[in-house]
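Participant: Below is a structure I'd like to ask you about.
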Amino acid sequence: MAERVVIAAETTWSRRRRRLTWGRVARGSVPYWLILPVLGAIGAILGYPLYRLFRLAFQHYGLEELIRHSGQPVGLHNFGHVLHDQIFWHTLVRTVIFTVANVGLTMGIGTLIALLLVRVSTVVRVLLTAGLVLVWSMPVVVAVQVWGWMTNYQNGVVNYILTELHFGDYFQHNWYGSTFSQLAIVTTLIVWGALPFVAITVFAALAQVPADLVEAAQIDGAPPWRVFLDVTVPIIRPVLLILTSLSIVWDFGVFVQPYLLIGQTHITPGNYLMGIYLFEKGYFDNDYGQGAAISILMLLIVATLSIFYVRKMVRIGDVD
Amino acid sequence: MNAVAVPVRRRPRRRRRGGRAGWNIVAIVLFAVMVFPVFWMISSAFKPTDQINSFTPTWFSRHPTVSHFTTAVHTPYFWTDVKNTLIIVSVTVTVSIALAFLAAVALAKYRFTGRKLFIVLVIGIQMLPGAGLIIPLYVTLASYHLVNTLTGVIVTYMTIVLPFSVWTLRGFILGIPKELEEAAMVDGSTRLGAFVRILLPLVAPGLVATSVFAFIQAWNEYLYARIILASQGKQTITVWLSYFLGTSRSTDWGALMAGSTLTAIPAVVFFLIVQRRIAFGLTAGAVRG
Amino acid sequence: MRLRVFVAVALTAALGVVAATASASVDRHQANKITVWLQVDAQSGWPDVVAAANTQFQADHPGYSVDVQYQNWGDHLQKFDATLAAGNTPDVIEMGNTEMTKYMAAGAFADLTSLKGTFANSSNWLAGLAKSGMYGGKVYGVPYYAGSRVVTYRTDLFKKAGITKAPTSLSQFLSDAKLLAAKNKQKGFSPVYIAGTDWYFAMSFVYDFGGQIAATSHGKWVGTLDSPQAIAGLTAYKSFWKAVSKASPTTDENTPPPYNVYSQGLASAIVGPSWFSCCTGKTFTSITGQFVMPSHVAGKSIPGFLGGSDLAVPASSGNKALGADWIKDFTSTANEKLLQAKGNIPNATSLLGNSVNERAAARSWFVPAAKHWVDVENGNILRNMLAQILTGKQSVKQAAENASSNIALVLNQP
């Protein structure tokens, strides 16, 4: 079977792939039967919650209403309240910047690591891949604890190392002193955790790039970055698109890492991210109607941010 | 169907050997930096408590102890929760991959009305913030009497894993060259027969790759497991870990690190077993998008 | 390969069925049971008390079992909210005393006023705890246990600095701290380690000088931190803190835990719950003592924050009478004495002993009994105020006025 896989890889190098659509051969109810289980599973579990979520957004639903199981319809009041909230807009801007930074760093460094993996010897490649997997398999809650520990201003090992390596006096340096510093540490944690997935996926995609094409371009005298942009990227573009859109979705709504790392006692409107804003407004304040409105707004915003990448991916699949 | 004899080349050979040493060094430094937090977790698990809390870090303890591991393993419900997590994750992954595969075939191979809508649904669900759905989801599960059951968590995890899996598997199926499918048609076999015989093995690496992603997502999930599972005898290992942190008194860091190390092991083992398949799987499928 | 896949699928499907039926059947058999939510502290700290309560309950109600489910402080309220929404609440729940008011106001708990007499020592309940369980004149929560704040100190360092007895006034403590600082000049050493934003400790100063956090006036809440007394208290806190603590002015009392600093030898005294003595490190356990934090008035103790828990019966429980009965068994005199032996403060004045912890509870303060008090805590309003004061970014008066108006805003929400 391994040979068959390799053959598949081999043949697709040299020929333009054309997809065989069965739809032309026979229509009928077959596709509907195939998607029915997924639709059924998602519908049965998420159908009602989604419906409830949309209804909640238009109701006043606090703790009392939760206990009484009934809310009062208030039309667009929740949305209006959120959109008039200064904090919402500040948080949105902050989160967009945060997302751009995270996605940019993740995709950039991840791709660089993938390029590195191609160039090293086998032993080192296995070592680095195994290391990436170790990172990937650490539960998020644990990773946050370890990072918090490492960056603890009293006895964090990061301070110790930086001081020992003579980067300056970092004795009891408080990494959580300013909003920028807090979010920078959170970014480091998130990017660190996301790199394995991106690096390994892009690496596998890179292995598909025909060496002949790359060598031909290099012989022509093109500088490495040109080779990369003109030869490599077009071939791995679909993978990059998938990873980028997923990263946008995940990083925009991230909640666990910033909330646990910064710590509940240091979370203020001044360092909210959208995921935390949703949690604070919806759950801590027990204003579920508002929480639902924020959820829907977040959905719309993320959809807008990632529409470019998603449309490209959908179109790729439609080539015939 | 016989394999055509073609010289097997695993990966294009890179040119000069000499330039590799430099890259190797870079890679090793990168490895050290990336893995440092994991190393810190594992080494702390073996340190006596006063060294863990010490203000001057100890790299490798001179008096390593396994007492934290003993504490962790003897903490109530450790093995029960490991069992629960294994059941939940394996059922989730298997059923989800199977169902996602069917849907991915439909998306990749058929033209039907509502196809675009289905794609939007699959992508759209991933864009919803998970925190927003917790309480409505809990209410729904309660009405099905699935609260505090492993099944309840399984079906919830499926809704998390399915969209991602459908999307990825669609890419893999799209990547299969039509020549092989056409070759199967010639046989006169039915489409389904051809499919099972030829395509399933071809897409198997893709299935494996998606399974690993799904496994890690389900294994590490905390929020929903915490809310849905109430009795300690039914909880997952991530919830079990959280008990070390939930007390208002002092935290037993050693036991937490030992517990975390134990928790990370199955995921690593699973990946190491299947990792060779992944390189092939992603190679053959994902690039074709 | 195909066969292997098929077998794998079949196996996991079978596992799934087993899982489903196992959980289902277990639930069906235990129709006669009550569900109790306690915090993890009970599981690790006093499992014998829980066992005693269960035994007593089962003796009184044969055929019934008790399912005790342990919760984390971090997410137990989110879990409770989910059960409220679904209608499958536990029959007994432990709530922090500052968490009670919001839920009482929303009608989450059953009215236990008529049953008050059945609870042991109910006529002598600690005022601070009892108040937290009452709303609108009715009793919704039964006091469980309390904890106060004391000073944990290094007997050897105090002796070396020439301090012969525990300070009895704030000013004396201040001069003692100066002696300690003179004798311990290492980097990062605090005579008294206090986290900057430890509002539980800082507000003690406010109440000590006669101020309070908030009060009602004509049915509305008014923030009173900008009153002259409160400002005097905050100013006293600021000068005390600056003289005795080298902690970061923006850090809270959990990062790092003060006992960690203490166990590293970087503090000669720390302020916090009395159970801090558990974790002072092997080296210092034998040379650690505790005394009551003094007031600025000589001879008195500073009002200490009375932390603690109450037990309540959710209103939507199907076993309210049984839940109340379990609480009665759990808070029996014998059990409260067991809790006291573990270093906690029991729930009634008639049971109080003479430990440092209990003496510190003689003068206590509690948070305003407002529906939205939890939101003030969650919004870190007091912590931010303290950070501004201690870093010098705002004057005491400015910071206090800001905090007061924020508190009023939050507390007066509908």
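Participant: Only one residue in C:ALA369, C:ALA341 is surrounded by fewer than 18 Cβ atoms within 10 Å (Cβ to Cβ) and over 16 Å from the mean Cα position of the chain (by Cα). Which one?
Facilitator: Every option except C:ALA341 fails the conditions.
Participant: As an exercise: evaluate C:SER274 against (1) surrounded by fewer than 18 Cβ atoms within 10 Å (Cβ to Cβ); (2) modelled with pLDDT under 90; (3) under 21 Å from C:THR168 (Cβ atoms); (4) not β-branched (Val, Ile, Thr) and give the number of the one condition it does not meet.
Facilitator: All conditions are met except number (1).
Participant: Determine whether region C:63-76 contains at least one residue that is more than 26 Å from B:LEU241 (Cα to Cα), within 14 Å of chain B (Cβ to nearest Cβ) and at pLDDT below 95.
Facilitator: Yes - at least one qualifying residue is present in region C:63-76.
Participant: Next question. Could you tell me which of the residues C:THR235, C:THR251 is part of a loop (DSSP other than H, G, I, E, B) and under 23 Å from C:ILE270 (Cα atoms)?
Facilitator: C:THR251
Participant: Give me the residue from region A:282-293 that is more than 9 Å from chain C (Cβ to nearest Cβ) and in contact (Cβ under 8 Å) with a residue 60 or more places away in the chain and, out of that set, surrounded by the fewest Cβ atoms within 10 Å (Cβ to Cβ).
Facilitator: Top of the filtered list is A:ASP287.
Participant: Can you go through A:LEU36, A:LEU50 and tell me which one is within 29 Å of the chain's Cα centre (by Cα) and under 19 Å from B:THR140 (Cβ atoms)?
Facilitator: Going through A:LEU36, A:LEU50 in turn, just one is within 29 Å of the chain's Cα centre (by Cα) and under 19 Å from B:THR140 (Cβ atoms): A:LEU50.
Participant: For C:THR391, work out the one condition from (1) surrounded by fewer than 23 Cβ atoms within 10 Å (Cβ to Cβ); (2) assigned by TED's automatic domain parsing to the domain that holds C:ALA110 it doesn't fulfil.
Facilitator: Result: C:THR391 passes all but (2).
Participant: Identify all residues within region B:25-64 that are of a type in the set (Val, Ile, Thr) and out of contact with any helix residue (DSSP H, G or I) (no Cβ under 8 Å at 6 or more places or on another chain); write none if there are none.
Facilitator: B:ILE25, B:VAL29, B:VAL33
Participant: Turning to a different aspect of this structure: With C:SER248, C:SER268, C:SER263, C:SER332 as the choices, which residue is hydroxyl-bearing (Ser, Thr, Tyr) and over 18 Å from C:PHE189 (Cα atoms)?
Facilitator: None of the other options fit; the residue is C:SER332.
Participant: Hey, among A:LEU189, A:LEU162, A:LEU127, which residue is more than 10 Å from chain B (Cβ to nearest Cβ), among the aliphatic types (A, V, I, L, M) and closer than 19 Å to B:PHE39 by Cα?
Facilitator: Selected residue: A:LEU162, the only one of A:LEU189, A:LEU162, A:LEU127 that is more than 10 Å from chain B (Cβ to nearest Cβ), among the aliphatic types (A, V, I, L, M) and closer than 19 Å to B:PHE39 by Cα.
Participant: If you go through region C:175-200, how many residues are over 30 Å from A:ASP169 (Cβ atoms), out of contact with any Leu (no Cβ under 8 Å at 6 or more places or on another chain) and surrounded by 17 or more Cβ atoms within 10 Å (Cβ to Cβ)?
Facilitator: Counting residues in region C:175-200 that are over 30 Å from A:ASP169 (Cβ atoms), out of contact with any Leu (no Cβ under 8 Å at 6 or more places or on another chain) and surrounded by 17 or more Cβ atoms within 10 Å (Cβ to Cβ) gives 2.
Participant: Moving on to the next point. Would you confirm whether or not region C:165-188 contains a residue that is at pLDDT 90 or above, among the β-branched types (Val, Ile, Thr) and in contact with a Phe, Trp or Tyr (Cβ under 9 Å, 6 or more places away or on another chain)?
Facilitator: no
Participant: If you don't mind, there's one more thing I want to ask. If only one of C:SER204, C:SER248, C:SER227 is in the same structural domain as C:LYS282 (by TED's automatic domain parsing), closer than 17 Å to C:ILE381 by Cβ and in contact (Cβ under 8 Å) with a residue 12 or more places away in the chain, which one is it?
Facilitator: C:SER227
Participant: Could you say whether any residue in region B:65-76 is more than 9 Å from every other protein chain (Cβ to nearest Cβ), of a type outside the set (S, T, N, Q) and in contact with a Lys or Arg (Cβ under 9 Å, 6 or more places away or on another chain)?
Facilitator: There is at least one residue in region B:65-76 that is more than 9 Å from every other protein chain (Cβ to nearest Cβ), of a type outside the set (S, T, N, Q) and in contact with a Lys or Arg (Cβ under 9 Å, 6 or more places away or on another chain).
Participant: Take the residues in region A:59-112 that are crowded, with 16+ Cβ neighbours inside 10 Å, more than 14 Å from chain C (Cβ to nearest Cβ) and aromatic (Phe, Trp, Tyr), then tell me which one is farthest from A:LEU299 (Cα to Cα).
Facilitator: A:PHE98
Yes/no per residue for (1) more than 8 Å from chain A (Cβ to nearest Cβ); (2) in a helix (DSSP H, G or I); (3) farther than 26 Å from A:VAL302 by Cβ:
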position	(1), (2), (3)
B:TRP79	yes, yes, yes
B:ASN84	yes, yes, yes
B:ILE88	yes, yes, yes
B:THR92	yes, yes, no
B:LEU102	no, yes, yes
B:VAL105	no, yes, yes
B:LYS116	no, yes, no
B:LEU121	no, yes, no
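Participant: Would you tally the residues in region C:368-410 being within 18 Å of C:GLU253 (Cα to Cα) and in a loop (DSSP other than H, G, I, E, B)?
Facilitator: Counting residues in region C:368-410 that are within 18 Å of C:GLU253 (Cα to Cα) and in a loop (DSSP other than H, G, I, E, B) gives 2.
Participant: I've got another one for you. Can you pull out every residue in region C:264-280 that is part of a loop (DSSP other than H, G, I, E, B), within 13 Å of chain A (Cβ to nearest Cβ) and either among the β-branched types (Val, Ile, Thr) or in contact with a helix residue (DSSP H, G or I) (Cβ under 8 Å, 6 or more places away or on another chain) (or both)?
Facilitator: Matches in region C:264-280: C:GLY265 only.
Participant: Counting just the residues of region B:213-240 that are part of a helix (DSSP H, G or I), at the interface with another protein chain (Cβ under 8 Å from one of its Cβ atoms) and of a type in the set (S, T, N, Q), which one comes out nearest to the chain's Cα centre (by Cα)?
Facilitator: Only one residue tops the list, namely B:ASN220.
Participant: Let me ask you something else. Anything in region A:204-213 that is at the interface with chain B (Cβ under 8 Å from one of its Cβ atoms) and either closer than 25 Å to A:LEU127 by Cβ or touching a Gly at 6+ places or on another chain (Cβ under 8 Å) (or both)? List them, or say none.
Facilitator: Matches in region A:204-213: A:ALA204, A:ALA205, A:ALA207, A:GLN208, A:VAL209, A:ALA211.
Participant: Return the only residue of A:GLY131, A:GLY221 being without any contact (Cβ under 8 Å) to a residue 12 or more places away in the chain, buried (at least 18 other Cβ atoms within 10 Å of the Cβ) and in the same structural domain as A:ASN271 (by TED's automatic domain parsing).
Facilitator: A:GLY131
Participant: Also: Just one of C:THR255, C:THR224, C:THR250 is polar (S, T, N, Q) and modelled with pLDDT of 90 or more; which is it?
Facilitator: C:THR224
Participant: Something else: State yes or no: is C:THR197 of a type in the set (Ser, Thr, Tyr), under 22 Å from the mean Cα position of the chain (by Cα) and part of a loop (DSSP other than H, G, I, E, B)?
Facilitator: Judged against the criteria, C:THR197 is a match.
Participant: Yes or no: region A:178-185 includes at least one residue that is facing another protein chain (nearest Cβ under 8 Å) and either out of contact with any Phe, Trp or Tyr (no Cβ under 6 Å at 6 or more places or on another chain) or surrounded by fewer than 20 Cβ atoms within 10 Å (Cβ to Cβ) (or both).
Facilitator: For region A:178-185, residues facing another protein chain (nearest Cβ under 8 Å) and either out of contact with any Phe, Trp or Tyr (no Cβ under 6 Å at 6 or more places or on another chain) or surrounded by fewer than 20 Cβ atoms within 10 Å (Cβ to Cβ) (or both): absent.
Participant: When region B:106-126 is examined, which residues are found to be touching a Gly at 6+ places or on another chain (Cβ under 9 Å), surrounded by fewer than 22 Cβ atoms within 10 Å (Cβ to Cβ) and under 16 Å from B:THR168 (Cβ atoms)?
Facilitator: Hits for region B:106-126 are B:ALA108, B:ILE119.
Participant: Let me ask something else about it. Could we say that C:VAL261 is away from every other protein chain (no Cβ under 14 Å), surrounded by 20 or more Cβ atoms within 10 Å (Cβ to Cβ) and either modelled with pLDDT under 90 or not in a helix (DSSP H, G or I) (or both) here?
Facilitator: no
Participant: Another question, if that's okay. Select from region A:294-309 the residues that are free of Cβ contacts under 8 Å to residues at least 40 places away in the same chain, within 20 Å of A:GLY75 (Cβ to Cβ) and in contact with a helix residue (DSSP H, G or I) (Cβ under 8 Å, 6 or more places away or on another chain) and list them in ascending order.
Facilitator: Within region A:294-309, A:LEU299 is the sole residue that qualifies.
The values are calculated or read from the model by the stated rules, or taken from the named source; none is laboratory data. Because the structure is predicted, anything quoted here is derived from the model rather than measured. All Cβ positions, glycine included, derive from the backbone under ideal geometry; neighbour counts span all protein chains shown.
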